[in-house]
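Nothing in this text is a laboratory measurement; each read-out follows from the coordinates by a stated rule. Keep in mind it's a predicted model, so treat the numbers as computed, not measured. Here the Cβ is made from the backbone with ideal geometry for all residues, glycine too, and neighbour counts use every protein chain on show.
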Amino acid sequence: MNAHLQPSGSAYFLAAETQQPERHTLSVLVDNEPGILARVVSLFSARGYNIDSLTVSETEHDKGLSRITVVTVATRKVLTQIKLQLERLVPVHRVHDLTEEGKALERELALIKVASTGEQRAEALRLADAFRAQIVDATVESFVFEVTGKPSKIDSFIDLMRPLGLVEVVRTGLAAIGRGAGAM
């Protein structure tokens with residue numbers, strides 16, 4: 001057997017080396033019941049699939065439905081397996097690959113704590129204004145900024161805050177929805 005196709009503890013060995021992993025955002029509509037999130041995460045874990053971002057929330061209270069948004073990086077072959085295995089889980093209603101279906105709207109929220117004084121403090125405030133970050137807490141020694149936007153915007157803001165006294169970052173994970181009038 002070729003060395004690049006031998007099991008490595010991960011499902012990624014199944015793909016030919018010519019396939020490049022791609023980032024995909026999956027939206028999974030499920031019954032809001034205990035244990036479903038654990039089952040979805042176990043599916044990824046047991047097969048060696050990585051989860052880059054995971055969010056879940058009840059979206060239709062009257063119907064008892066929740067939406068799980070999963071961001072993963074995989075080859076097309078592995079991604080097909082992920083989707084098929086998710087669709088077989090009960091109580092999963094639907095699985096949509098928002099990346100394949102077209103440009104989805106993707107947003108994330110981050111709280112970013114920066115401790116600095118003097119010119120660094122002033123520069124942090126100028127950058128926060130440029131990124132439309134909101135100040136949600138301020139002391140004489142620190143700020144906590146709230147930033148909402150695409151993950152790349154948040155990454156850029158964090159990178160700029162590092163030399164200015166970045167202390168801590170908390171991110172929500174990705175929320176995504178398809179464009180247009182159709183529903184999931």
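Of all stretches in the chain that contain no trypsin sites (Lys or Arg not before Pro) in a DSSP loop with at most 16 other Cβ atoms within 10 Å, the longest one is 48-102.
In this label model, Ala183 and Glu58 are separated by 1.7 nm, measuring between points 7 Å along each Cα→Cβ vector. Among the GluC sites (Glu not before Pro) in segment 100-155, those placed in a DSSP loop whose Cβ has at most 15 other Cβ atoms within 10 Å are Glu100, Glu101, Glu141.
Computed from the alpha carbon atoms alone, the convex hull of segment 8-97 holds 79 Å³ per residue.
Bridging of Lys103 to lysines at a Cα separation below 24 Å is possible for Lys77, Lys83, Lys150, Lys153, once same-chain residues fewer than 8 apart are set aside. Ignoring aspartates and glutamates fewer than eight residues from Lys63 along the same chain, the ones with Cα atoms less than 15 angstrom from its Cα are Asp31, Glu33.
The Cα-based radius of gyration of segment 105-177, divided by its Kirkwood radius, gives an Rg/Rh of 0.97.
Here the simple spin-label model places points 7 Å from the Cα toward Cβ, and for Thr80 and Ala122 these points are separated by 6.0 nm.
The Stokes-Einstein estimate for the chain, based on a Kirkwood radius over Cα pairs and taken at 25 °C with 0.890 mPa s viscosity, is a diffusion coefficient of 131 µm²/s.
Working note: 222 nm ellipticity from helices only, DSSP H runs with n ≥ 4, each -39,500 (n - 2.57), summed and divided by the residues of the chain, gives -8000 deg cm²/dmol to the nearest 500. Overall, the ratio between the Cα radius of gyration of segment 47-108 and 2.2 N^0.38 Å, rounded to two decimals, is 1.19.
For Glu100 and Glu146, FRET efficiency with R0 = 22 Å and r from the beta-carbon atoms, rounded to 0.05? With a Förster radius of 22 Å, E is 0.10.
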